[in-house]
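A.B. asks: I'd like to ask you about the structure that follows.
Any read-out appearing in this document is the output of simple, stated calculations on the displayed coordinates, not a laboratory observation. Since this is a predicted model, take the numbers as computed values, not measurements. So basically every Cβ, Gly included, is an ideal-geometry build from the backbone, and we count neighbours across all protein chains shown.
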Ligand SMILES: Nc1nc2c(ncn2[C@@H]2O[C@H](COP(=O)(O)OP(=O)(O)OP(=O)(O)O)[C@@H](O)[C@H]2O)c(=O)[nH]1
Ligand SMILES: [Mg+2]
Ligand SMILES: [Zn+2]
């Protein structure tokens, strides 16, 4: 995977150069030039373990601030915290906007007596093209991570660190029970770092409580509702926002239950939040 920054430590960066880990500083000219090195950056190293160049980024996520992510594993729990289509749809929308492939990982199905409602939602997300994995499907997850840079995102407490520990028990990432015992705050994972897991690089991230649509327009939000795009050509207006317009194919398909009502309602909320 070439030469990639996997962690920041003070003013130093830990760089993985093939199979060697190096502690590097950044060449003065890059700092002067305001070129900030991010976790996930592919870099060129000069003499004395100095980062001399940052290669063009394929993607850049703001929160967490990480470069070149291929895919986002959106971790959602069936319960505790409750399954939230609002948070899931919001995350999907923002991840799509950033040209990162979203993958949904469901946790805590074991805690749910009646799984039908959640399973029905998951089937809908599968139907519109998303890969959905259960956190118990170890092989499936390992295959998904192979040769990719992935980021785990999801609310605090959904089980992101637990999932990584399950994939690689040498990791020993702090999960919430432990942090409560240590009397720490709510979020257990605090720093962005790429971990080598299952022949891939994975960033565990601090659970977020606020995600926003920074830099996005209403049209972006509309265009990132992926299943709307299969119907929109039949809307009367070419630029239909699927809101107040008449003869809107999206609204018709919501009424026909071809499009999930919660997806449409969440879409309206997102547009309203801008
Ligand atoms: N029963 C059950 N408990 C789970 C499952 N996954 C995680 N947990 C528990 O849920 C709690 C929170 O898990 P964490 O892995 O710390 O959650 P996190 O997403 O990393 O949280 P932050 O680091 O705060 O963002 C822990 O007590 C885990 O043991 C699951 O599939 N089933
Ligand atoms: Mg965690
Ligand atoms: Zn429309």
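A.B. asks: Taking the Cα-to-Cβ direction at residue 31 and at residue 236 and moving 7 Å from each Cα, how far apart do the two end points lie in nm?
C.D. replies: A separation of 6.2 nm, rounded to one decimal place.
A.B. asks: Sticking with this one: Which residue fluctuates the most in the chain, going by a Gaussian network model with Cα springs under 10 Å, if the choices are 106, 66, 259?
C.D. replies: Looking only at 106, 66, 259, the largest GNM fluctuation is found for 259.
A.B. asks: So, in Å, what gap is there between the alpha-carbon centers of region 50-116 and region 239-274?
C.D. replies: That distance is 23 Å.
A.B. asks: Can you report the principal axis dimensions of region 61-204 using only the alpha carbons, biggest first, rounded to whole angstrom?
C.D. replies: If we take the Cα atoms of region 61-204, the spans are 37, 35, 28 Å.
A.B. asks: Quick one: P(r) of region 218-273 from all Cα-Cα pairs, 10 Å bins, percents rounded to integers, in order of increasing distance.
C.D. replies: P(r) over region 218-273, rounded to whole percents: 26, 65, 9.
A.B. asks: Still on this model: Relative contact order for the chain using alpha-carbon pairs under 8 Å, separation at least 6, rounded to a whole percent?
C.D. replies: On the way: 457 pairs, mean separation 40.5, N = 274.
Once divided by the residue count of the chain, the mean separation gives 15 percent.
A.B. asks: In addition: Which parts of region 93-134 would a label at residue 62 reach, counting a residue when its backbone N lies under 18 Å from a point 7 Å out along Cα-to-Cβ?
C.D. replies: Once the point is set 7 Å along Cα→Cβ of residue 62, 93-100 turn out to lie under 18 Å by backbone N, inside region 93-134.
A.B. asks: Right, another one. Tell me the angle of helix 116-127 to the major Cα principal axis of the chain, expressed in degrees between 0 and 90 and rounded to the nearest ten.
C.D. replies: It is inclined by approximately 80 degrees.
A.B. asks: Given the rule -39500 (n - 2.57) for each run of at least 4 DSSP H residues, summed and divided by the residues of the chain, what is its mean residue ellipticity at 222 nm, to the nearest 500 deg cm²/dmol?
C.D. replies: After summing the helix terms and dividing by the residues of the chain, the value is -8000 deg cm²/dmol.
A.B. asks: Can you give the Kirkwood hydrodynamic radius for the chain, in Å, rounded to one decimal and based on Cα pairs? Don't jump to the answer; show the numbers that get you there.
C.D. replies: Working: mean 1/r = 0.0493 Å⁻¹.
Kirkwood hydrodynamic radius for the chain: 20.3 Å.
A.B. asks: Oh, and also: Pick from 216, 225, 241: which residue has the top mean-square fluctuation in a GNM of the chain where Cα pairs under 10 Å get a spring?
C.D. replies: Ranking 216, 225, 241 by mean-square fluctuation puts 216 first.
A.B. asks: Right, another one. Taking other Cβ within 10 Å of each residue's Cβ, how do 144, 214, 136 sort, fewest first?
C.D. replies: Values: 144 19, 214 9, 136 13.
Least crowded to most crowded, the residues run 214, 136, 144.
A.B. asks: With only alpha-carbon pairs counted, each pair once and no self-pairs, how large is the Kirkwood hydrodynamic radius of region 85-147 in angstroms?
C.D. replies: Taking the inverse mean of 1/r over all distinct Cα pairs, region 85-147 comes out at 12.8 Å.
A.B. asks: Now, a different point. So how do 35-43, 56-64 stack up, highest first, on mean other-Cβ count within 10 Å?
C.D. replies: Peptide ranking by packing, descending: 35-43, 56-64.
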